[in-house]
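Just below is one structure, and these are the notes that go with it.
The values are calculated or read from the model by the stated rules, or taken from the named source; none is laboratory data. Remember, it's a predicted structure, so these values are computed and weren't measured experimentally. Here the Cβ positions follow ideal geometry from the backbone for every residue, glycine too, while neighbour counts run over all protein chains shown. For the accessible areas, the whole protein counts, side chains as well, though only heavy atoms, and no ligand, DNA or RNA atoms are used. Shrake-Rupley method; radii C 1.70, N 1.55, O 1.52, S 1.80 Å.
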Amino acid sequence: MRALDKKLLRDFAHLKGQALTIALVVAAGIGVFVGFQSVYGSLLYSRDVYYERYRFADVFANVERAPEQLKSRIEAIPGVSQVYTRLRYPARFLVADLPQPPVGLLASLPDDGAPPLNALHLVTGRLPTAGQGEALVLASFAEKRGLVLGEPLVAIVDGNACTFRITGTVLSPEFVYPMGAGEILPDDERFLVLWAPRTELAAMLKLTGAFNDLAVALQPLAHQSQVLADLDQLLAPYGGRGAYNRALQPSNNVLDGELYQLQTLALAVPMVFLAVAAFLLNVVLSRLVHLQRSQIAALKAVGYSNLQVGLHYLELVSVMVLVGSVLGIAFGAWFGRALHDLYGQFFRFPVQLYHLEGRLILTAVGVSLAAGVLGAMVAVRAVVQLPPAEAMRPAAPLAYRRSILERLGITGWVSPAFRMVTRELTRRPLRTSLSVLGIALSVGVLIIGRFNADLTNGLMDLLFQRMWREDLLVAFAGPRPERAIRELGHLPGVIRAEGLRVVPVRMRVGPRHRDVVLYGYQEDGELRRPVSLSGVPLTLPERGALVTQNLLEILQVSPGEEVEIELREGSYAKKTLLIAGPIEDAAGLAGHLRADTLAQLLGEEPLVSLGLLTVASRDTQDLERRLQAMPQVLSVSAHATLVDRFEKQSAESIRVMTLFATIFAMTIAVGVVYNNARVALSLRERDLASLRVIGMTRREISAILLGELGIQVILALPVGFWIGRAMARGISATVDPERFRFPMVIETQTYAFAAIVTLAAGLASGLLVRRKLDRLDLIAVLKTRE
Amino acid sequence: MAEVVLAGRELTKLYRMGEVEVLALRGVDLELREGELVVLLGASGSGKSTLLNILGGLDRASSGRVQYRDQDLSDADEDELTLYRRRHVGFVFQFYNLIPSLTAKENVALVTDIVDDPLDPAEALSLVGLGQRLDHFPSQMSGGEQQRVAIARAIAKRPDLLLCDEPTGALDFQTGVLVLEVLERVNRELGTSTAVITHNLPIAAMADRVVTLADGRVQGEVVHTQRAKAADIRW
């Protein structure tokens, strides 16, 4: 081994405390990068393989009833390569001992069991035999409910019951994320899809020789929007409800949103860590170069070139970064696998393998090295530029100035120690600012860690306390006259009953459109009302609708303008709706208007789609059973169950996120404060020892050094709060804005938590350095160097 | 007369130190001949270290010329100066400038790693009487021993020039003499042209030639027909 390499290893060992803290910051960044990226890559791969092998369609459309003969005309649309016509019908299902029966879809399966598009993946059992009353069921539901093959399942369609025997469980590319229409969270227990042979289903639904749903595969390079337009035109006379592409296919839409969020986080979060690592390397290496000034001169004097000496210091940085990378990759692989398993609970693929690609590992190492080199660049340039003859001489005394406080004349009463502290801080404003920024970043990361919990609490408060305030939600099988609500109000145990009209529409402005929901509120309604993100109930306008702000942006319209709406139920008529104003909705895209305004717009008597009930007792089982038995009722759901489910689903991920973010933030805080303190100590050892020699106590010199750190930490807190807010906003922005918008609430406790953890990290670092300060060897320090 | 190995002509040097400008050399001429031992004498601030740094390729003159054998170093770039130092010059500094994290042998190996046909580090250390202390770190050695490691490091490359800046400046009398004996031996046995900077007048007695500097100029030159033995020097 070359002598220079031995120097490198021994320098590394000497710097172990600092090297370790830096390596840990790198490890955190690389860990998150590798974790998120590998999960992103794995999910993307699982999805692509799934979609390709199971021939996931490109375009989907729903129609009231179209003759099968139309198929050949659809096939003739330029760009279409394959057409799969089928039957789809909403249904509810009866399952023994389940008070809230599942809802979902009845779907047709070609009699030979092999759909040309959107093929099914058989998980257990066998395909149904046509004519035997057999069917397949979505595996997620079967597993959650412990459904046994051969068991009968009763489906209720338009009040008629029909029994199927389950022969197998399946996965479908259309239900990677199995979620019912209009739901905000998936519920494997309550959402199911049943696939039965088409001939039987057609007879049951009275759709023999017709179809009401289709999936289309496109040729490569097909003009998608043209195909959609052609398809809409062909289907319109048969009650076409608008064709849509993969991006709007519900399951794929959620999957896309999740992948986008992963991809964004996988880039943004590691950048914070690597920036901190680069900054720390800069601090530590600059100090090392300062201390090794005469060694650098000696190396150059004996004939080492600038390049060799510069590389030597870069190698030292590389060792620290590589140690961090290795730790980070190991951690990232573990973290990625855990995260992947978590995703596996929500997203169902036939083949779901976690893989960590070699290429990703190489990228991680490359990225961390690049950050390291970037951080070290300034110090290494100083090494290269240091003329050997100058390096032989002691460095010129640093130029100090009176600090701004002194120039303002408010220093008459401050101690010389305080003056030293402020001069040191103001002498290198850039270094001080970067230190403050570094600590502030850790404050920010801490806020992010807890913000997740705040976000969920805020959203839950908004959704479940302010917006949806009923105890039971009754969904009617179709719109009902208002007297249905009065009937509900007369049931025993019901305190208050209100109705809500919900109309699915396609809102359109020129070529831009979205499928959204219009809500019609009762005038004296208390259980549901439009509420802004900040929780303030809004008054509905006399004319027109309040429309989700985000939807206005998508459609590029402003309040006062009109949009075209196409009803997605009943008459499928086209209407014009006035936009009265924007509203910041928490979930989904919607328009909110008065029930009478809505009825007028639709040209109908006031109708209701949902019944909202408050009840006298917490025990609602009997009432639920009673409601469920009513033929006009499609489903009943209890508010408490929804809250429970929401809490259960978010609790685990919140716990994990908070834990990781806290560990990461501590790593950064300790890394920044400890390294700053160590560097300050070694650069000022002589000054401090001199002060001891002239009679200052240990406490007094500690106050000078630690005072500097203390001021930096204090300055960092407000900056960190601001950064935390900005990062929180950034993270919220990675959530699909068409699904959720979050109230930006950061609780006081979160700020306090971030401040306390940062102060604790600062204190711990201060104490570590204080120990060294107490052991300062006065004579040795004064003797070394010139 | 022996061949001129290194020559400086009309050398001046102006440099900044902090906020102060210093004119360290004001037109100096100096030659160093094959196998010669020259002592540069002068008070602190007389410009002797600056001159040595320029001759050794550690620094550039503000004006004037430096010639090593038939190579003109006046306009040499950084790489050429590095090669010149690597191949031809051995330095010994007042504060040794050893790498504290490397043992005696490793400090010497720093040089033998990068030159052709060097001495074995152990052999170089034996030459300076440290054959028994190869694996000691600088912090485990006395000042005299550290300086001898520095000399071993300088001679391990078999340099043509040995440039020593106050080699005994940080040492007590007895250790200082020991170091001078090593320099004398290297000059005699290896025939290395040697320049020694000192402000310590008695050391001048061991030189072939003594050049006195004052205020950035050569003040006088004395040629000795007979050199005193290092062991006999007292101060």
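Worth a mention:
- Averaging the sequence gap over all C-alpha pairs within less than 8 Å and six or more residues apart, then dividing by the number of residues, gives segment A:59-253 a relative contact order of 37 percent.
- For segment A:199-253, the extents of the C-alpha atoms along the principal axes are 38, 27, 19 Å, listed from largest to smallest.
- Residues of segment A:295-333 buried by at least 30 Å² of accessible area upon assembly of all protein chains, compared with the chain on its own (1.4 Å probe): A:Gln295, A:Ala298, A:Ala301, A:Val302, A:Gly303, A:Tyr304, A:Asn306.
- Crossing angle, helix A:639-693 versus chain A [Cα axis fit, 0-90 degrees, rounded to tens]: 10
- Net charge over other residues, Cβ less than 13 angstrom from the Cβ of A:Gly611 (K, R count +1; D, E count -1): +1
- Accessible surface, per residue, of segment A:472-619 when the full set of protein chains is kept, probe 1.4 Å, Å²: 45
- Burial of accessible area (probe 1.4 Å, heavy atoms of protein chains only) in segment A:7-36, relative to its chain alone, reaches at least 30 Å² for A:Lys7, A:Arg10.
- For segment A:472-619: rounded, prolate or oblate by the Cα gyration tensor [a/c cutoff 1.5]: prolate
- Highest mean first, the peptides A:117-123, A:262-268 sorted by other C-beta atoms within 10 Å per residue fall in the order A:117-123, A:262-268.
- FRET efficiency for the A:Arg428 to A:Glu652 pair, using the beta carbon distance and R₀ = 41 Å, is estimated at 0.35.
- For segment A:59-253, the solvent-accessible area with a 1.4 angstrom probe is 40 square angstrom per residue.
- Residue by residue, segment A:485-497 carries 3J(HN,Hα) couplings of 5, 4, 4, 4, x, 8, 5, x, x, 8, 8, 9, 10 Hz when phi is fed to the Karplus relation 6.51 cos²θ - 1.76 cosθ + 1.60 (θ = phi - 60°); x denotes Gly or Pro.
- Applying 1/(1 + (r/R0)^6) with R0 = 51 Å to the Cβ-Cβ distance of A:Val351 and A:Glu542 gives a FRET efficiency near 0.35.
- Ranked order, B:Lys48, A:Lys575 - accessible area, probe 1.4 Å, largest first: A:Lys575, B:Lys48
- Within chain B, helix-based [θ] at 222 nm, where runs of 4 or more DSSP H residues each add -39,500 (n - 2.57), nearest 500: -8500 deg cm²/dmol
- Segment B:18-75: relative contact order in percent, alpha carbon pairs under 8 Å with at least 6 residues between: 23
- For A:Phe12 and A:Arg699, the difference between the fully extended length at 0.36 nm per residue and the C-alpha to C-alpha distance is 244.2 nm.
- Using the rule -39500 (n - 2.57) for each DSSP H run of four or more residues, divided by the residues of chain A, the 222 nm mean residue ellipticity is -17500 deg cm²/dmol.
- FRET E, pair A:Ser558, A:Ser81, Förster distance 35 Å, beta-carbon r, rounded to 0.05: 0.30
- Across chain A, the relative contact order, built from alpha-carbon pairs under 8 Å that are at least six residues apart, equals 17 percent.
- Evaluated at q = 0.14, 0.17, 0.21, 0.25 Å⁻¹, the base-10 log of the normalised Debye intensity for segment B:10-101, with identical point scatterers placed on the Cα atoms, takes the values -0.57, -0.85, -1.25, -1.51.
- Three-way shape label, chain A, alpha-carbon gyration tensor, a/c 1.5: prolate
- Listed residues A:Val302, A:Val367 arranged by accessible area, highest first, probe 1.4 Å: A:Val367, A:Val302
- Highest GNM mean-square fluctuation among B:Leu98, B:Leu23, B:Leu40, for chain B modelled with Cα contacts below 10 Å: B:Leu23.
- Local charge for B:Ala205 was computed over the other residues whose Cβ lies under 13 Å away, with Lys and Arg +1 and Asp and Glu -1, and equals +1.
- Calculated on the alpha-carbon coordinates, the convex hull of segment A:59-253 measures out at 116 cubic angstrom per residue.
- Protein accessible surface hidden between B and A, which excludes ligands and nucleic acids, total in Å², probe 1.4 Å: 2400
- Under 5 Å between amide hydrogens, built in the peptide plane, is the criterion, and for A:Leu533 it picks out A:Glu584 among residues at least 5 positions away or on other chains.
- Relative to the longest principal axis of the Cα atoms of chain A, the long axis of helix A:250-291 lies at roughly 0 degrees.
- Once the Cα atoms are used to define both axes, helix A:698-733 deviates from the longest principal axis of chain A by about 20 degrees.
- Packing-based ranking, highest mean first, of B:99-106, A:463-470, A:540-547 given that Cβ atoms within 10 Å are counted: B:99-106, A:540-547, A:463-470
- Expressed as a whole percent, the accessible surface of segment A:59-253 that belongs to carbon and sulfur atoms is 53, based on a 1.4 Å probe.
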